[in-house]
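Taken together, the values in this text are just the output of simple stated rules run on the coordinates, not laboratory data. For clarity, every value in this text was computed on a predicted model and none was experimentally measured. Every residue, glycine as well, gets a Cβ built from its backbone with ideal geometry; the counts of neighbours run over all protein chains shown.
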Amino acid sequence: MKVTLKIFRFNPETDKQPHYDHFTIEANPEDRILDCLNKIRWEQDSSLSYRMSCAHGVCGSDAVTINGSPALACQKLVKDYDYSKELVIEPLKFFPLIKDLNVDMRLFFKRIKAANPKQPAEKVSSVDMEKERAQSIQERAEFDDAIKCVLCGCCVAACPVELEQDHKFVGPAAILRAQRYIFDSRTQDATERMRVLEKPHGVWGCKSYFMCTVVCPKNIKVTEAILKTKKKIIQELHPKNDQETS
Ligand code: SF4
Ligand code: SF4
Ligand code: FES
């Protein structure tokens, strides 16, 4: 069968404005959107630019906007969309554009780093490396969901706070990463990490719109993790407020 893809194009070396190109290819309903992009690049236009690596939902590098919603091109199939109409493929929103479907992820990773400072050296050196640091199944379950994150950026590209209200908001992926450490029973600087999240444009910027959870390709309950983190911050850093509200 024939499928048409309408793809966002922009080459900073030759274009003043972005435009869309249409490509019609032979595809099956079970083909992945990434297969379609590869087919176009191999057979019709080798200049089409997009990222990919694992092709199996592991590396998180092929996140794009498909029919208006962020997703991994290797996880979505043609049949997930109404392919009787053209499929619209665009770069992730919010991120600065580099070329075609490629966006600049540097700010994304910078924010994740800023929200997740390294453990201070004295805390690291106080750990007895000779001793096993056992963790119960329940303790591990506290951050099990967060470690599935593949840092694709889909959540950030869907977050209404990032897109419309506060462009400096640290974002769901950075808070999720912080949640992973704050709730790990082996972490020794959880309090300091919670203080970092309380900075302006931090965890309180999240307004629980749940869009991050809706689009996450790893089905992580991102908003739940953020709410859990907020609750812990109130309980541990502001216990007085916690008593007043309970
Ligand atoms: S939380 Fe989900 S959507 Fe956000 S970066 Fe991680 S895997 Fe991607
Ligand atoms: S729940 Fe919070 S982080 Fe997720 S999309 Fe909504 S505002 Fe953004
Ligand atoms: S190419 Fe690695 S997640 Fe899609």
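Each of Ala141 and Asn219 was given a label point 7 Å from its Cα along the Cα-to-Cβ line. The distance between the two points is 1.7 nm. Within the same chain, aspartates and glutamates fewer than 8 places from Lys99 are excluded, and of the rest, those with a Cα less than 16 Å from its Cα are Glu13, Asp15, Asp21, Asp45, Asp62, Glu90. Rounded to 0.05, the FRET efficiency of the Glu122 and Leu227 pair, given R0 = 30 Å and the Cβ-Cβ distance, is 0.40. Taking other Cβ atoms within 10 Å as a rough exposure proxy, Ile66, Ile233, Ile182 sort from fewest to most as Ile66, Ile233, Ile182. With 24 Å as the limit on Cα-Cα distance, the pairs of Lys2/Lys93; Lys16/Lys76; Lys39/Lys76; Lys110/Lys218; Lys2/Lys218; Lys110/Lys240 that go past it are Lys2/Lys93; Lys16/Lys76; Lys2/Lys218; Lys110/Lys240. The tail of the calculated P(r) for the chain, taken as Cα-Cα distances beyond 28 Å, holds 41 percent of the pairs.
For the range 103-140, backbone nitrogen atoms closer than 17 Å to the point 7 Å from Ser185 Cα along Cα-to-C-beta are found at 128, 131-140. All other residues whose Cβ lies under 12 angstrom from that of Gly57 are scored, Lys and Arg at +1 and Asp and Glu at -1, for a net of +3. Return the FRET efficiency for the residue pair Glu43, Lys6: r is the Cβ-Cβ distance, R0 is 25 Å, and the value is rounded to the nearest 0.05. Step by step, r from the Cβ atoms, then E = 0.90. Quick one: if you stick a label point 7 Å off each Cα along the C-beta vector at Ser53 and Phe109, how many nm between them? Modelled inter-label distance: 0.9 nm.
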